[in-house]
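Take a look at the structure below.
The values are calculated or read from the model by the stated rules, or taken from the named source; none is laboratory data. Just so it is clear, the structure is predicted and the values come from calculations on it, not from any experiment. Quick reminder, even Gly has a Cβ in these numbers, built from the backbone with ideal geometry, and neighbours come from all protein chains shown. Side chains included, ligands, DNA and RNA excluded: accessible areas come from the protein's heavy atoms. Shrake-Rupley method; radii C 1.70, N 1.55, O 1.52, S 1.80 Å.
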Amino acid sequence: HVKLKLESINRTYAQGAGELRILQGADLEILSGEIVALVAPSGAGKSTLLHVSGLLERADSGSVTICDVPTDDLSDRERTLVRRQHVGYIYQFHHLLPEFNATENVMMPQLIAGQADRVAKARGEELLSMMGLKDRGTHRPAQLSGGEQQRVAIARALANSPGLILADEPTGNLDPETSSVVFDLLADSIRNHDAAGLIATHNHDIAKMADRVLTLKDGKLVPFTF
Ligand code: ADP
Ligand code: ADP
């Protein structure tokens, strides 16, 4: 099963009088169970690629298919629904809601999707438990360590069982040891759910734990050699 398919993606930003060509004919196919790392210098276009893949941003041209749903002709509203149903997003800084506890943060995407409170809570607790945070459910983000916050963010990203997980420097804020624990948990959950993952990272040790490692060259995705 193809979870993410990008075909001939172009994305250009206006820069002064000229333009900044970030993606130029980028192609990518990620299958279920597969984890792809994206390694490229700052400013190369990693976030842009993730935004386009997660329907947060539109490409100038090209085609994006997520979990067998062709998205090119969708309205903004329809894109939002596809994103909610099929995509889990993880950021470098967790973006958890500070006034809610860990369980409530994981419940949030489920409640937005129309899930009943009781069901969302049970799933929230199960996911936190899976992330080794069984006894942290009632802690607010500020009461958790950096690694714990990121594990809550992963649990939240998995809450609606998305087919595609997009992660932008998910371990960028963590020490090396915590990074590999967090990556392992993320990778296991992706593989166990037959989902797929696209993970941008600066960290070569983390990238090596992926099934494939790509970089951006002249706006295209090509294999990365360490
Ligand atoms: P990375 O994630 O690899 O650091 P980005 O995708 O964030 O790279 O950015 C790629 C380039 O595009 C950068 O030079 C950035 O300044 C530029 N850029 C990103 N978003 C915009 C935007 N909305 N408008 C103009 N330029 C942008
Ligand atoms: P780390 O050393 O991993 O960065 P911390 O020293 O921040 O972790 O926290 C150690 C443990 O104490 C963590 O498991 C965290 O959940 C808990 N903890 C930290 N701050 C608080 C707090 N204000 N209230 C309750 N528990 C806390």
Study note, to complete from the structure: Taking Lys and Arg as +1 and Asp and Glu as -1, residues besides ILE190 with C-beta under 12 Å from its C-beta add up to -3
Review point. Separation between the ASP205 and ASP135 pseudo-spin-labels, each 7 Å from Cα along Cα→Cβ, expressed in nm?
Key: 2.8
Point to revise | Amide H partners (placed H, <5 Å) of LYS217, local residues excluded | key: VAL222
Review point. Taking the inverse of the average 1/r across all pairs of different Cα atoms in segment 1-109, what Kirkwood radius in Å do you get?
Key: 15.5
**Study point:** Heavy-atom accessible surface of segment 1-41: percent carbon and sulfur, 1.4 Å
**Key:** 47
**Study point:** Helix axis angle, 176-192 relative to the chain longest principal axis, alpha carbon, degrees
**Key:** 90
Point to revise | Furthest towards positive pole of dipole, HIS202, VAL36, GLY146, structure part the chain, Cβ charges | key: GLY146
Practice item. Send over the per residue convex hull volume for the chain, Cα only, as a whole number of Å³. Key: 127
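Hey, what did the chain get for relative contact order, percent, Cα under 8 Å, at least 6 apart?
Relative CO of the chain lands at 30 percent.
Figure the gain on full extension for ALA113 and ASP175 (residue separation times 0.36 nm, minus the Cα-Cα span) and round it to one decimal in nm.
Full extension from ALA113 to ASP175 adds 18.9 nm.
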**Study point:** Exposed-site-free run, longest, the chain (rule: GluC sites (Glu not before Pro); DSSP loop; at most 15 other C-beta within 10 Å)
**Key:** 100-226
Practice item. For the chain, find the longest principal axis of its Cα atoms and tell me its angle to the long axis of helix 117-130, 0 to 90°, nearest 10. Key: 80
**Study point:** Volume per residue of the C-alpha convex hull in segment 83-165, rounded to whole Å³
**Key:** 82
Practice item. Whole number in Å², please: accessible area per residue of the chain, 1.4 Å probe, ligands, DNA and RNA not counted. Key: 47
Exercise for review: Determine how large the accessible area of VAL69 is when every protein chain is in place; take a 1.4 Å probe and give Å² rounded to the nearest 10.
Suggested key: 40
Practice item. Name all residues of segment 158-193 having a backbone nitrogen under 18 Å from the label point set 7 Å from the Cα of SER145 along its Cα→Cβ direction, giving them as ranges. Key: 171-186
Check your understanding: Which residues' amide hydrogens lie under 5 Å from the amide hydrogen of SER61, considering only partners 5 or more residues apart or on another chain, with H built in the peptide plane?
Key -> ASN10
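Leaving out ligands, DNA and RNA, and with a 1.4 Å probe, what % of the accessible surface on segment 64-173 is carbon or sulfur?
Summing carbon and sulfur atoms, their accessible area is 49 percent of the total for segment 64-173.
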Practice item. Please report, to one decimal in angstroms, the Kirkwood hydrodynamic radius of segment 100-226 built from all distinct Cα-Cα pairs. Key: 15.3
Study note, to complete from the structure: Taking alpha-carbon centroids only, segment 170-203 lies from segment 68-131 a number of Å equal to 18
Practice item. Taking the Cα centre of the chain as origin, sum charge times position over the Cβ atoms of Lys and Arg (+1) and Asp and Glu (-1), and report the length of that vector in debye to the nearest 20. Key: 200
Point to revise | Exposure of SER75 as accessible area (Å², to 10), given a probe of 1.4 Å and all protein chains | key: 50
Review point. For segment 68-185, what is the charge dipole size about the Cα centre, in debye to the nearest 20, if Lys and Arg each add +1 at the Cβ and Asp and Glu each add -1 at the Cβ?
Key: 420
Review point. Going down the table (LYS5/LYS208; LYS3/LYS121; LYS134/LYS217; LYS3/LYS217; LYS3/LYS208), which pairs top 32 Å between alpha carbons?
Key: LYS134/LYS217
